[in-house]
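Structure, as structure tokens:
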Ligand SMILES: [Zn+2]
């Protein structure tokens with residue numbers, strides 16, 4: 001995204017380094033992310049948008065897609081593989097080769113709308129994976145869980161009219177991207193949190209609003225938009241979650257998954273910009289998912 005931009009390559013390095021130094025990596029299967037195919041992307045993005053993004057990729061230097069979102073010569077390939085990772089993880093989990101999966105990918109995806117890049121996001125990775133579970137594997141009920149500090153407006157844009165998808169989310173409000181509180185359908189369980197909310201408010205939102213909706217929907221599979229920018233050390237926003245909150249919510253989602261979805265969860269990285277908090281939070285999240 002450019003020098004000094006918070007959505008940096010060091011984010012993935014920090015996570016991987018902590019997974020290795022804590023020994024967590026030894027307990028995991030590791031897979032290389034394939035590029036998403038045009039058909040896979042086309043389930044959630046318009047043909048014209050897919051073409052425009054390919055054509056926008058510069059041979060050198062950088063192009064700005066919006067004030068926050070840029071592409072360099074490698075961005076398009078990275079975005080294809082970020083989306084492809086979620087597809088591949090979905091195949092592994094639904095094929096029984098993995099109990100669940102975490103995609104350590106960037107660029108993030110949950111702000112990418114059907115026909116628009118924004119907020120550091122090019123393709124909506126979690127949506128591409130969820131659509132693959134629906135269209136390729138024939139699942140009928142998918143839940144998307146989003147605890148990034150920003151509202152997943154792109155995911156909502158893509159699935160708000162799809163009765164097969166329940167989205168539950170928390171996010172700081174009022175805050176970028178200034179969506180998620182109006183005109184919501186009953187399958188978009190968005191819970192705005194005021195600045196400086198911390199663990200107790202977050203857990204109450206999950207307990208009081210997410211869990212009843214998830215219980216009655218009984219998803220066959222869960223996807224998690226795992227952004228860790230609601231951490232109190234993250235300078236991007238003003239929520240005050242800590243590692244224990246990410247541990248707790250991951251356990252809560254695993255309980256839902258075990259009850260309704262045979263434990264099938266695919267989680268994918270969204271935000272998280274303080275490298276230390278990001279790595280520690282992702283490590284707790286994946287340690288819980290892996291039961292290690
Ligand atoms: Zn975010």
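Points to keep in mind about this one:
- Among 233, 274, 47, 245, the order by Cβ neighbours within 10 angstrom, fewest to most, reads 47, 233, 274, 245.
- Pairwise label distance in nanometres, residue 259 with residue 243, each label 7 Å out on the Cα-Cβ vector: 2.9 nm
- Fraction of beta bridges assigned by DSSP in the chain that are antiparallel (%, nearest 5): 15 percent
- Label-zone membership for region 21-43, site residue 74, 7 angstrom Cα→C-beta point, backbone N under 17 Å: 32-35
- Its relative contact order, with pairs defined as Cα atoms under 8 Å and 6+ residues apart, puts region 1-96 at 33 percent.
- Note on residue 3/residue 232: beta-carbon distance plugged into 1/(1 + (r/R0)^6) with R0 of 35 Å gives a FRET efficiency of 0.85.
- Straightening the chain between residue 52 and residue 208 buys 52.0 nm, computed as 0.36 nm per residue apart minus the Cα-Cα spacing.
- Region 48-106 versus region 158-179: alpha-carbon centroid distance in Å: 21 Å
- Its relative contact order, with pairs defined as Cα atoms under 8 Å and 6+ residues apart, puts region 111-177 at 34 percent.
- Distance histogram for the chain (every C-alpha pair counted, 10 angstrom bins, percent rounded to whole numbers): 7, 32, 39, 20, 2, 0
- Computed [θ] at 222 nm, deg cm²/dmol, the chain (DSSP H ≥ 4; -39,500 (n - 2.57); rounded to nearest 500): -11500 deg cm²/dmol
- With both labels modelled 7 Å from their Cα along Cα-to-Cβ, the residue 22 to residue 39 distance reads 3.9 nm.
The numbers here are math on the coordinates, done by the rules we state, and not lab data. What you see is a predicted model, and the numbers here were worked out from it, not measured in a lab. Cβ: placed from backbone, ideal geometry, glycine included. Neighbour counts: every protein chain shown.
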